[in-house]
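Structure first, then comments.
What follows draws every value from the coordinates through simple rules; no lab data is involved. The structure presented is a predicted model; accordingly, all values stated were derived computationally and were not measured. Note that each Cβ is placed from the backbone with ideal geometry, even for glycine, and that neighbours are counted across all protein chains shown.
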Amino acid sequence: MALFQEQLGESATTVFDAATDSAVTTLFLCNTHSATVTVTLYLITGTGAPDDENAIWKDISIASKDTFVMNNERIILAGTDFIKGLASVADKVTVTGTYTTI
């Protein structure tokens, strides 16, 4: 297993770029802000762009100092796929995840 980490901006930020076929096994979205922040995550294939058609979480509200966790599903990515995300406030949500190559 390996670790990745990225802070979200107000525009779509690359959170994970699969260089080879990979399985994302956990995702933690930690809001360090003093107020609730909304987050959207996109699962993008190939050369696609973030939009509502590839959103996997749309406007998820994360309370101040709280963490949203995904650890009961696996996201299988080809080497050309990637995950992007954005938040309603820049630099206040840290995405931390684990993955393994397959």
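Quick check: anything in the stretch 58-71 loosely packed, with under 12 Cβ neighbours inside 10 Å and polar (S, T, N, Q)? Taking every residue of the stretch 58-71 in turn, at least one turns out to be loosely packed, with under 12 Cβ neighbours inside 10 Å and polar (S, T, N, Q).
If only residues of the stretch 31-54 that are surrounded by 16 or more Cβ atoms within 10 Å (Cβ to Cβ) and hydrophobic (A, V, I, L, M, F, W, C) are counted, the one that is farthest from the chain's Cα centre (by Cα) is V37.
Yes/no per residue for (1) hydroxyl-bearing (S, T, Y); (2) within 20 Å of S11 (Cβ to Cβ):
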site: T38; (1), (2): yes, yes
site: L43; (1), (2): no, yes
site: D51; (1), (2): no, yes
site: D59; (1), (2): no, yes
site: A87; (1), (2): no, yes
site: V95; (1), (2): no, yes
site: T100; (1), (2): yes, no
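Selection over the stretch 13-23 of residues that are small (G, A, S), surrounded by fewer than 18 Cβ atoms within 10 Å (Cβ to Cβ) and either under 17 Å from G46 (Cβ atoms) or within 13 Å of the chain's Cα centre (by Cα) (or both) gives a count of 1.
Listed by first and then second residue, the pairs linking a residue in the stretch 49-67 that is closer than 14 Å to I83 by Cα to a residue that is polar (S, T, N, Q), with Cβ atoms under 7 Å apart and 6 or more places separating them unless they lie on different chains, are A55/T40; W57/T40; K58/T40.
If you go through the stretch 1-26 and pick out every residue that is outside any strand (DSSP E or B), of a type in the set (G, A, S) and touching a strand residue (DSSP E or B) at 6+ places or on another chain (Cβ under 8 Å), you end up with 4.
Here R74 passes the criteria (1) surrounded by 12 or more Cβ atoms within 10 Å (Cβ to Cβ); (2) over 18 Å from T98 (Cα atoms); (3) not aromatic (F, W, Y) except the one numbered (2).
Right, L3: crowded, with 17+ Cβ neighbours inside 10 Å and more than 22 Å from S64 (Cα to Cα) or not?
Details: crowded, with 17+ Cβ neighbours inside 10 Å: no; more than 22 Å from S64 (Cα to Cα): yes.
Against the criterion (crowded, with 17+ Cβ neighbours inside 10 Å and more than 22 Å from S64 (Cα to Cα)), L3 does not qualify.
Within the stretch 89-102, being within 14 Å of the chain's Cα centre (by Cα) and not aliphatic (A, V, I, L, M) holds for D91, K92, T94, T96, G97, T98, Y99.
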